[in-house]
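Down below is the structure, laid out as structure tokens.
The values are calculated or read from the model by the stated rules, or taken from the named source; none is laboratory data. What you see is a predicted model, and the numbers here were worked out from it, not measured in a lab. Ideal geometry is used to build each Cβ from the backbone, glycine not excepted, and the neighbour counts take in all protein chains shown.
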Amino acid sequence: MSEQQNNTTLVSEPSQMKVKKQRTSKLPALLALLSLSCTVYLGFEGIYGQFGIHQQQVNNSITQQQISTLRQENQDLNKKIQELKDTQTNLHQEIQNVTPNQGVIVVNQLSNLLAAANQSLILYHDIPSAIKLINYTLQIVSAHNEPQYADIKISLTKDLEAIQAMNTFDNTVVAAKIENAYQLSLKLDTVTTTTPDKATDKSRATQSSAWDRFVSNMKSTFLGAVKVETANKADTNLMPNETQLIHQHLQLDILNARQAFVSRNQTLWQQSLNDAIELSSKYFATNQDQVQEIQILRDLLSINLDTGKANLDASMQSLIKLQQLMPTNTVESAN
């Protein structure tokens, strides 16, 4: 009896141990399941529950504020764009009102060229430069066949022919020739004699002395009182003390010619060169320098400095008429 009870006790103890082990192994699983359920619940509440709804409302409010701000900025940008478009339209309109047409541009070019040509002709006495400017002006006019350019084209052609008919010269070449003649005059040798006879002294007493002619030329240079008179035939034999005086007289004549060239004084120009040629021919020994100097002086004497008749009055009058044909407001804005 006791052995059966012992056997029954031994059999029941393992069974109880298995039951305890099964109960003990289910507890962690239940705890894990409970944690997962809580997590799911909290997640659901965060997204779809009361807390989630409140958070979504806050996010929506922030998004609406951002949208409102962007709309306001967009409206401001549209206003600025419209203002820029209006400003651009106004600028285009002003440009159309201010920009000169092709005719006004041509007239302005003609005005500038004629002004430069007139200045070269009257102020600087530079005929070659004036001719070049007039030719260029005529080329511009000839490129346009409109009837309004016919009058100025005719005037330019007439003025150009009148100026070209004059005795033109190069200022640089003439100035170089005058300087060359002056340098040659320093090298000339005078014809001298140490024993003048009585007839020579008598002849000098009755004629104008070289000193008188020197003083007269000085007066004509500085006082402007130029008097042209026939020179008396002078004695070619000079005393030694007169040699320096004749050299100075010749040099002064050449310097007077230079001054006449600068001031375009035709009368003084001719008188000074004639006196220089006469002195060089009568009082200086014939050699290569003397021949070359006289030839240069004669070349200079053939130049006519009188440009008083050269002008562009007809062309300027035609230009004024042409300017009157242009729109007034356009011409003023172009100027």
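Within the option set 154, 163, 95, being part of a helix (DSSP H, G or I) and loosely packed, with under 10 Cβ neighbours inside 10 Å holds for one residue only, 95. You will find that of 147, 100, the residue that is at pLDDT below 90 and exposed (fewer than 14 other Cβ atoms within 10 Å of the Cβ) is 147 and no other.
Determine, yes or no, whether residue 115 is assigned to a helix (DSSP H, G or I), at pLDDT below 90 and of a type in the set (Gly, Ala, Ser). Here the answer is no, as residue 115 does not meet what is asked. Might you check whether a residue that is in contact with a helix residue (DSSP H, G or I) (Cβ under 6 Å, 6 or more places away or on another chain) and free of Cβ contacts under 8 Å to residues at least 40 places away in the same chain occurs anywhere in region 161-170? Within region 161-170 (the criterion being in contact with a helix residue (DSSP H, G or I) (Cβ under 6 Å, 6 or more places away or on another chain) and free of Cβ contacts under 8 Å to residues at least 40 places away in the same chain), the answer is no, since none of the residues qualifies.
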